[in-house]
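The values are calculated or read from the model by the stated rules, or taken from the named source; none is laboratory data. Quantities reported herein were computed from a predicted structural model and do not represent experimental measurements. Methodologically, a virtual Cβ is constructed for each residue, glycine included, from the backbone with ideal geometry; neighbour enumeration extends over all protein chains shown.
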Amino acid sequence: MATNTPVIDTFLGQNPDLSDIGKLLIAVTILEAEAKGLLRSRNPNRPATEQPKPDDDWCRFVVHRMTNGCCDTRDLLASDVHFVTFNYDISLEYRIYEALSNTQLFSSIAEDFLESGRVIHVYGSIRDYPKDKIDNPYAKFADRDNRTIKENLDAAYESSQRLRTISPGEKADGAHQIRRAKQLLDSADEVYLLGFGFDENNCDLLDMDKNCDLTNRTAEQEKSLYFTNMGNHPNINRAASRLFLKTRSDLVGDHAVRNNASCQKSVRNVYDALQKDFF
């Protein structure tokens with residue numbers, strides 16, 4: 001396209017007349033990925049030609065850490081763990097649900113766990129999971145023999161109505177999710193930013209300059225922040241420094257401490273960061 005905008009959300013925010021068709025195409029892309037089983041692969045964020053080793057399956061490691069030490073279902077349901085995501089797909093919920101529902105100890109509360117507001121989609125999601133499971137009619141999206149083009153587009157349009165962009169006019173639609181995400185960031189003792197690019201719009205949306213500020217906390221406000229920066233990119237380091245430490249440095253060291261608060265960086269992939277650096 002003539003604008004050559006690098007991020008589709010930015011393009012749609014700047015061209016609101018194209019918002020509906022843009023979200024429709026986003027829904028089509030995600031529904032086709034679901035139908036082809038791509039969201040069930042080890043790492044749905046990588047193309048098939050780059051499928052990595054099993055130890056890059058960070059969702060597997062998150063579920064392990066989340067359930068480790070739980071003696072019964074009450075322990076898991078009482079755990080204060082939440083996920084805030086800017087993604088539209090529900091691949092994370094799918095992985096958590098599949099893991100819990102196939103584990104004897106937790107199978108009876110797999111849906112209860114996810115229905116308790118554990119996952120907040122700041123910009124909406126393609127479906128309500130686990131109520132709308134992947135094995136519903138949407139999963140036949142790519143079944144060209146049994147579904148017409150109109151049926152596919154109708155399904156995609158219905159899903160697209162759940163999505164929002166960074167356009168100011170659409171932020172009000174997700175006010176509840178945004179407020180909840182802000183509260184979680186502010187109150188959390190530990191925050192893990194995994195694969196987060198520190199986009200300025202997203203940081204501003206969640207007031208991260210305040211909720212993740214490590215320089216102005218009392219002795220009763222302990223907080224630990226962990227973030228990944230695979231490749232150790234300077235722009236990520238600078239953004240993290242400004243948000244967490246209120247400095248203009250272009251480099252955050254592996255570990256920084258301010259009073260009773262701390263910040264730790266990993267330059268590994270998400271799985272290795274969780275396994276080798278953060279825990």
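Quick notes
- Residues satisfying the criterion are absent from region 110-121 (criterion: modelled with pLDDT under 65 and assigned to a loop (DSSP other than H, G, I, E, B)).
The rows are residues; the columns are (1) under 21 Å from ASN87 (Cβ atoms); (2) part of a loop (DSSP other than H, G, I, E, B); (3) of a type in the set (Ser, Thr, Tyr).
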{"residue": "ARG180", "(1), (2), (3)": "yes, no, no"}
{"residue": "GLN221", "(1), (2), (3)": "no, yes, no"}
{"residue": "ARG238", "(1), (2), (3)": "no, no, no"}
{"residue": "LEU243", "(1), (2), (3)": "yes, no, no"}
{"residue": "GLN264", "(1), (2), (3)": "no, no, no"}
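- Scanning region 63-92 for residues that are exposed (fewer than 15 other Cβ atoms within 10 Å of the Cβ) and touching an Asp or Glu at 6+ places or on another chain (Cβ under 8 Å) turns up GLY69, LEU77.
- Region 182-195 - residue that is in a helix (DSSP H, G or I) and in contact (Cβ under 8 Å) with a residue 60 or more places away in the chain and, of those, surrounded by the fewest Cβ atoms within 10 Å (Cβ to Cβ): LEU184
- Checked against (1) at pLDDT below 65; (2) in a loop (DSSP other than H, G, I, E, B); (3) in contact with a helix residue (DSSP H, G or I) (Cβ under 9 Å, 6 or more places away or on another chain); (4) over 19 Å from LEU274 (Cα atoms), ASP135 passes all but condition (3).
- Considering each residue of region 196-219 in turn, none proves to be of a type outside the set (Lys, Arg) and either touching a Pro at 6+ places or on another chain (Cβ under 7 Å) or in a strand (DSSP E or B) (or both).
- For beta carbons closer than 6 Å, sequence separation of 6+ or different chains, a first residue in region 217-245 that is under 9 Å from ALA261 (Cα atoms) and a second that is among the small types (Gly, Ala, Ser) and surrounded by 14 or more Cβ atoms within 10 Å (Cβ to Cβ), the qualifying pairs are ARG217/ALA261; LYS223/ALA261; SER224/SER262.
- Candidates VAL252, VAL257, VAL267, filtered to the one that is among the hydrophobic types (A, V, I, L, M, F, W, C) and crowded, with 20+ Cβ neighbours inside 10 Å: VAL252
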